[in-house]
1. Take A:GLY55 and decide whether it is surrounded by 24 or more Cβ atoms within 10 Å (Cβ to Cβ), within 13 Å of chain B (Cβ to nearest Cβ) and on the phi > 0 side of the Ramachandran plot.
2. Sort through A:ALA83, A:ALA129, A:ALA76 and tell me the only one that's under 21 Å from the mean Cα position of the chain (by Cα), of a type outside the set (Asp, Glu) and under 27 Å from B:GLN6 (Cα atoms).
3. Inspect segment B:124-138 for any residue being in contact with a Lys or Arg (Cβ under 8 Å, 6 or more places away or on another chain), open to solvent by 20 Å² or more (accessible area, probe 1.4 Å) and within 10 Å of chain A (Cβ to nearest Cβ) and give the result as yes or no.
4. Would you mind stating whether A:TYR263 is assigned to a loop (DSSP other than H, G, I, E, B) and of a type in the set (Ser, Thr, Tyr)?
5. Only one residue in B:LEU328, B:LEU246 is in a loop (DSSP other than H, G, I, E, B), within 26 Å of A:GLU58 (Cα to Cα) and of a type in the set (A, V, I, L, M). Which one?
6. Here is a list: B:VAL234, B:VAL240. Which entry is open to solvent by less than 20 Å² (accessible area, probe 1.4 Å), more than 8 Å from every other protein chain (Cβ to nearest Cβ), within 25 Å of A:PRO20 (Cβ to Cβ) and in contact (Cβ under 8 Å) with a residue 24 or more places away in the chain?
7. Restricting to segment A:274-310, count the residues that are farther than 28 Å from A:ASP191 by Cα, open to solvent by 30 Å² or more (accessible area, probe 1.4 Å) and in a loop (DSSP other than H, G, I, E, B).
8. So, A:ASP247, is that one under 30 Å from B:GLY21 (Cβ atoms), of a type outside the set (Val, Ile, Thr) and open to solvent by less than 20 Å² (accessible area, probe 1.4 Å) or not?
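The values are calculated or read from the model by the stated rules, or taken from the named source; none is laboratory data. A quick note: this is a predicted structure, and the numbers were derived from the prediction, not measured. All Cβ positions, glycine included, derive from the backbone under ideal geometry; neighbour counts span all protein chains shown. Quick note on the areas: whole protein, heavy atoms, side chains included, nothing else; ligands and nucleic acids left out. Shrake-Rupley method; radii C 1.70, N 1.55, O 1.52, S 1.80 Å.
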Protein chains: 2
Amino acid sequence: MSRGLQAVRPGIREMAGYQPGRQPAPGSRVVKLNTNESPLPPSPAVAAAIRSELGDSEGLRRYPDPISQKLRETAAAVFGCEAAWVMAGNGSDEILRIVIDTFVSEGETIGYFHPSYSLYPVLAAIRGARGRALPLFNDRGELYQPELSGIKLFFLTSPNAPLGFAFELDYIRRLASGFAGIVVVDEAYADFAEHNALGLVKEFDNLVVTRTLSKSYGLAALRVGFGIASSKLVRELDKVRDSYNLDRLAQAGARAALKDSAYLARTVDLVRRERAFLAAGLEKLGFEVRPSQTNFIFTTPPPPVRAGELYQELAARGILVRWFADPLLAHGLRITVGLRPEMEALLETINAIMNGE
Amino acid sequence: MSRGLQAVRPGIREMAGYQPGRQPAPGSRVVKLNTNESPLPPSPAVAAAIRSELGDSEGLRRYPDPISQKLRETAAAVFGCEAAWVMAGNGSDEILRIVIDTFVSEGETIGYFHPSYSLYPVLAAIRGARGRALPLFNDRGELYQPELSGIKLFFLTSPNAPLGFAFELDYIRRLASGFAGIVVVDEAYADFAEHNALGLVKEFDNLVVTRTLSKSYGLAALRVGFGIASSKLVRELDKVRDSYNLDRLAQAGARAALKDSAYLARTVDLVRRERAFLAAGLEKLGFEVRPSQTNFIFTTPPPPVRAGELYQELAARGILVRWFADPLLAHGLRITVGLRPEMEALLETINAIMNGE
């Protein structure tokens, strides 16, 4: 082994990196329902704000505001808290990493349910922490209150990805109240849900909520996310953040997106409507459909159809959905809610495949 | 102490965060010579590429290319290597952090010269590593070959900031060749210098060179930097990188900047010319001026003028330069090279202050 490779931390050398969903090249003619992007572009105010920030290019040579203060203020107004309770990050993935680096030392334990967001064990390995996957359901197939002793930080994905249900607030309260560590409620999909945990950060000073503009705001390209927690915790998180973590155009675009609350409401309405349409269509084809509080549906095809094969066949016909080889998930597909023509194309294609066409 | 604060890693709780240079609000009427930004906006091709990427906003809802492949290819052509030897980051600050997370375990030692970039000890503290500052000069005031035993990763800033000189390639060769750890040559300012270490990554597989578009390319607002190393090392660094670390607009803008090599050459010519003008002007006022291979000058005012007081007085008159309270640097000022009118305003203002006007 080369000297350079030998110097790599063993935990990194042995790990595989995170595998993001497939991103076809721009212009590819596929129906893309595999990475839970919004079916709509962002508010037109976003591009206008970015063009205005670009201006005559003069602003590009200057460092951006290192703390994204105006963006924090705008986000705080949306989240119903003070700006000092918000930090802005390069996607909520950056916030997840910052939270780990702030609270978890090497050898300590990071907990999360399995299945949930598959990035958590990767982030734990990068930190040199132990990852502890707890089963999402008990032996009777029900949610339960997990035992968190020995865990320093627990990620709760709510609504859960890839299954789509949201945890009750009282469940989250019980989780945080008896716990000496930190609970991170990863709310990437909360705008599509009926409730969220933002109000709980005022009750529990060991709770961090994370948000992203990649889903409901249609801004996956810009990489903007938030962490919401007590101002005392945000001050610590800020020490760990790269000093200029958010570029000038992303700050401007994100502010414009957050200010257009009517556009968000319309997007969420549309997604909920198409989610119901998709669910009904799948059920008509004999699929089992999990209730969803998100912009995707987890669904199991009727026997003898096998999800993995259906996924392949759909891809061959230009429709990308997500299939996980994980034994707990391999029976189903995760399908992003799209526009009506995409949903119709999907349902017709599934029907054709099931009829051997 | 609150439960949340108690859960913070002690090393984080005790540290102060990094203090970036002052960034006045856009539109402020100051002569800004304090954070080594380019005196020119970026190539006009940058804004054109960003506008084109924005298009009808449709692309904004899609995740960007997670590995920034096209950007790596463009950068590789500029750096004279293959794309597999390049990684792209959210500013070179992100690359520095990724390099640490890849190679340094908690309790291991990160070395760097003092003075150099003041972010290194902060990054070491975030990682939970020991920072070891080695004196930049020996007792005779000369450079020397440092003893690196016990050090896992060594940051060499070349050209050095804030002093401005570049290390000879043979010096870097000697550093890397006897060393079991990793040498990171931080070349943020290399485009202004007479030589650089890019060729050495092919000689030494334990060498990483970092670059940024924030200085010579006039793109501090966009946050784009690179790490250049053997493809084997880049593969490991990529595991540690946030999966979607660079937004779509930054990738497009950065590619356009890298392709306009004529614009870079003109910027570098202008900076070198104004650097000579500034140096001559300062020397005429009795200042001691260190030779510089960068877009800034480190200079010491003649007695009885005190650098810290001059810094304050300049700021009061609307001219921002950088002064470091560090005992090894407090005798001087770091002044970014600007356009001729800015250089003239600076020299005239210093002259007026020295004459008690």
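1. Values: surrounded by 24 or more Cβ atoms within 10 Å (Cβ to Cβ): no; within 13 Å of chain B (Cβ to nearest Cβ): yes; on the phi > 0 side of the Ramachandran plot: yes.
The answer is no for A:GLY55.
2. Details: A:ALA83 fails: under 21 Å from the mean Cα position of the chain (by Cα); A:ALA129 fails: under 21 Å from the mean Cα position of the chain (by Cα).
Just a single option satisfies the conditions, and that option is A:ALA76.
3. For segment B:124-138, residues in contact with a Lys or Arg (Cβ under 8 Å, 6 or more places away or on another chain), open to solvent by 20 Å² or more (accessible area, probe 1.4 Å) and within 10 Å of chain A (Cβ to nearest Cβ): present.
4. Numbers: assigned to a loop (DSSP other than H, G, I, E, B): no; of a type in the set (Ser, Thr, Tyr): yes.
When the stated conditions are applied, A:TYR263 does not pass them.
5. Working: B:LEU328 fails: within 26 Å of A:GLU58 (Cα to Cα).
None of the others qualify; the one that does is B:LEU246.
6. Values: B:VAL240 fails: more than 8 Å from every other protein chain (Cβ to nearest Cβ).
Just one listed residue meets the conditions, B:VAL234.
7. Matching residues across segment A:274-310 total 6.
8. Values: under 30 Å from B:GLY21 (Cβ atoms): yes; of a type outside the set (Val, Ile, Thr): yes; open to solvent by less than 20 Å² (accessible area, probe 1.4 Å): yes.
Spelling it out, A:ASP247 is indeed under 30 Å from B:GLY21 (Cβ atoms), of a type outside the set (Val, Ile, Thr) and open to solvent by less than 20 Å² (accessible area, probe 1.4 Å).
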